[in-house]
Each structure stands twice: as C-alpha cells, then as structure tokens.
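Peer 1: Please read through the structure below; I'll follow up with questions.
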C-alpha cells in the first residue's frame, strides 16, 4: 500500500509540473508543414537515387550537353542515361531517357501539387517500347505502371511513410 501511495504521489507531482509548464506556454499557436521543397529536393537529387530507390545500384551526374542536366542510373537492367527537359523547382520536373539505342524510351513528368497540408506527386510516363515481344510483356505481364508505383513506394519509404500509389 505504501508503494501505491508513493506512485500516486509521484503521478500527482508530475501532473502538477505538466500543468505548470503548460500554463506558461502561449495559448494560441500556428503550425504548418510543407513537403514540396523536401519532396522535390529528394526527387531532383539524381546522384543519390541509388541510396533510396530499390533496383538502382548507382547513379552519377554527367556533364551537361547543350545546357541540359544529364545523369546515369545503373540497375540490374544496365545503365540508362537521362536528361532534364524541364525543371521548375517544387512544381514540375521532366526527364527523358537520352539513350537512343535502347529498345524503349520516353519521358517521366513529375508534377508536385498541394492538397491542404499534403504534397501530392503525380508521375506521368510518356513512353514507347520498340520490340513487339517486349511490348506485349510490358503491357500484359509487367504492367506499364510497375516502375512508377515502385518509385512512389520507395519515395514514401525514404520519408518514413507507407505509400499506396493511386491511378
């Protein structure tokens, strides 16, 4: 019974301390969060992609060509070179596969928009697949959205979130 009374007294002192400190804090507050800059910064840091994207073994920046930023990613499928076609920080980023000798190609457009306190990232792929067999596999076996969905899940994990990509 003595331990119970000591525990109860300790809780009372802790409660009084919390109330005293709380009383000294301002009653009103303002808070906000903006993830667009942080989200954009991670997406735009091409050289660090290998640190958070599954399947990307390494990434490196390449010299610019005609003023366009270029980078190369290495994955289990080999190396792919990209170039930045448009870059509006925190709003829109468009990258294109620069390699012309691959059996596929196209662009990824990253659009960052605000929805209340949340930043929504929509990635749109405008791609092509040259080989008819690979085209069939991409459409009916792998799916055209598999890489996009994995990218978004990896990005969510980078921020400590579970992401469920939506159409």
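The values are calculated or read from the model by the stated rules, or taken from the named source; none is laboratory data. Here the structure is a predicted model, which is why all the values come from computation and not from measurement. Because the Cβ atoms are built from the backbone with ideal geometry, glycine has one as well, and the counts that use them run over all protein chains shown.
Peer 1: Quick check on this structure: which one of 25, 17, 11 is over 30 Å from residue 158 (Cα atoms) and either touching a strand residue (DSSP E or B) at 6+ places or on another chain (Cβ under 7 Å) or modelled with pLDDT of 75 or more (or both)?
Peer 2: 11 is the lone residue from the list that is over 30 Å from residue 158 (Cα atoms) and either touching a strand residue (DSSP E or B) at 6+ places or on another chain (Cβ under 7 Å) or modelled with pLDDT of 75 or more (or both).
Peer 1: Still on this structure: What residue, among those in region 28-47 that are within 20 Å of residue 92 (Cβ to Cβ), surrounded by 13 or more Cβ atoms within 10 Å (Cβ to Cβ) and in contact with a strand residue (DSSP E or B) (Cβ under 8 Å, 6 or more places away or on another chain), is modelled with the lowest pLDDT?
Peer 2: Restricting to residues being within 20 Å of residue 92 (Cβ to Cβ), surrounded by 13 or more Cβ atoms within 10 Å (Cβ to Cβ) and in contact with a strand residue (DSSP E or B) (Cβ under 8 Å, 6 or more places away or on another chain), the top hit is 35.
Peer 1: Here's something else I'd like to know. Kindly provide the set of residues from region 119-160 that are within 16 Å of the chain's Cα centre (by Cα) and loosely packed, with under 11 Cβ neighbours inside 10 Å, ordered by number.
Peer 2: Answer for region 119-160, where residues must be within 16 Å of the chain's Cα centre (by Cα) and loosely packed, with under 11 Cβ neighbours inside 10 Å: just 160.
Peer 1: Might you check whether a residue that is out of contact with any strand residue (DSSP E or B) (no Cβ under 7 Å at 6 or more places or on another chain) and in a strand (DSSP E or B) occurs anywhere in region 140-163?
Peer 2: no
Peer 1: Within region 96-108, is even one residue at pLDDT 90 or above, under 23 Å from residue 164 (Cα atoms) and surrounded by 15 or more Cβ atoms within 10 Å (Cβ to Cβ)?
Peer 2: Yes, because at least one residue in region 96-108 is at pLDDT 90 or above, under 23 Å from residue 164 (Cα atoms) and surrounded by 15 or more Cβ atoms within 10 Å (Cβ to Cβ).
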